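**Q** Take a look at this one; I'll ask things after.
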Amino acid sequence: GQIDAISDVIYCSGDTTAEIVFTNSLSTGETIYDWSIDQSIGLSPTSGQGNLPSFTAVVGTQPVVATVTVVSSFSNSSGSTVNCAGATETFTITVNPTAQVDDPTDLVLCHNDSQAEIVLTTQNTGGTTAYTWVNNNTSIGLGGSGTGNVPAFTATNSGTAPVTATITVTPTFTNGGVTCTGPDQTFT
């Protein structure tokens, strides 16, 4: 039995993976592939025969690296029931979590109040979480958009009625050169 090398892959939680097709350079007979996976990443069952099927990748709040072990065996094409054990190939499937940002607290400020930097946080670990944000009403004294934490600003309202701005934060999670985007979080 023989099996060609298989490249490691990285997915985002929620991605539907492509089938991983095992190949070899043998020109006759049949090669049988038995595979197993050592971590829970959404693939069920955790072992099988043939190609690795498509599945929906699922993890919690940190990246999970699953090792897939593929054992090949060879049967000649004459109908023999003898299978010759062959090479073993391993590769990894890394699944990054969906990006996430904790919901910032809504604020009520008075005209000329100094608002400290609003520090954005996440439950995710094991990679890098980044944030972009957009403010739909710059008349409050806060810029229209930015990256990272929301900076300190002086609240502004020179009118006679309350003014409300909605800030929308979009998180991204990067690990292993793959960036996963998560759902927006808004606060006022």
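The values are calculated or read from the model by the stated rules, or taken from the named source; none is laboratory data. Keep in mind that this is a model prediction, so the values were computed, not measured. Cβ sites come from the backbone with ideal geometry, for glycine too, and all protein chains shown count toward neighbours. These accessible areas exclude ligands, DNA and RNA; they are computed on the full protein's heavy atoms, side chains included. Shrake-Rupley method; radii C 1.70, N 1.55, O 1.52, S 1.80 Å.
**Q** Inside the stretch 25-55, can you point out the residues that are assigned to a strand (DSSP E or B) and either at pLDDT 95 or above or open to solvent by 50 Å² or more (accessible area, probe 1.4 Å) (or both)?
**A** Looking only at the stretch 25-55, we keep the residues that are assigned to a strand (DSSP E or B), and these are 30-37, 47-49, 52.
GLU30, ASP34, TRP35, SER36, ILE37, SER47, GLY48, GLN49, LEU52 - these are the residues of the stretch 25-55 that are assigned to a strand (DSSP E or B) and either at pLDDT 95 or above or open to solvent by 50 Å² or more (accessible area, probe 1.4 Å) (or both).
**Q** Ok, one more. Return the residue satisfying two criteria in turn: it lies in the stretch 1-24 and is of a type in the set (S, T, N, Q) and part of a loop (DSSP other than H, G, I, E, B), and of such residues it is nearest to ALA57 (Cα to Cα).
**A** Checked the stretch 1-24; the qualifying residue nearest to ALA57 (Cα to Cα) is SER13.
**Q** Continuing with the same structure: Can you tell me which condition VAL70 does not meet? The list is (1) of a type in the set (Val, Ile, Thr); (2) more than 22 Å from VAL178 (Cα to Cα); (3) open to solvent by 70 Å² or more (accessible area, probe 1.4 Å), and all the others hold.
**A** Checking VAL70 against (1) of a type in the set (Val, Ile, Thr); (2) more than 22 Å from VAL178 (Cα to Cα); (3) open to solvent by 70 Å² or more (accessible area, probe 1.4 Å), the one that fails is (3).
**Q** Further question: Identify, by number, the condition in (1) surrounded by 13 or more Cβ atoms within 10 Å (Cβ to Cβ); (2) closer than 20 Å to VAL178 by Cβ; (3) among the aliphatic types (A, V, I, L, M) that ILE3 doesn't meet.
**A** The number of the failed condition is (2).
**Q** Ok, one more. For the stretch 136-184, what are the residues that are more than 19 Å from PRO104 (Cα to Cα) and either of a type in the set (D, E, K, R) or open to solvent by less than 30 Å² (accessible area, probe 1.4 Å) (or both)?
**A** Start the filter on the stretch 136-184 by keeping residues that are more than 19 Å from PRO104 (Cα to Cα), which leaves 139, 156-162, 174-180.
Correct list: CYS180 only.
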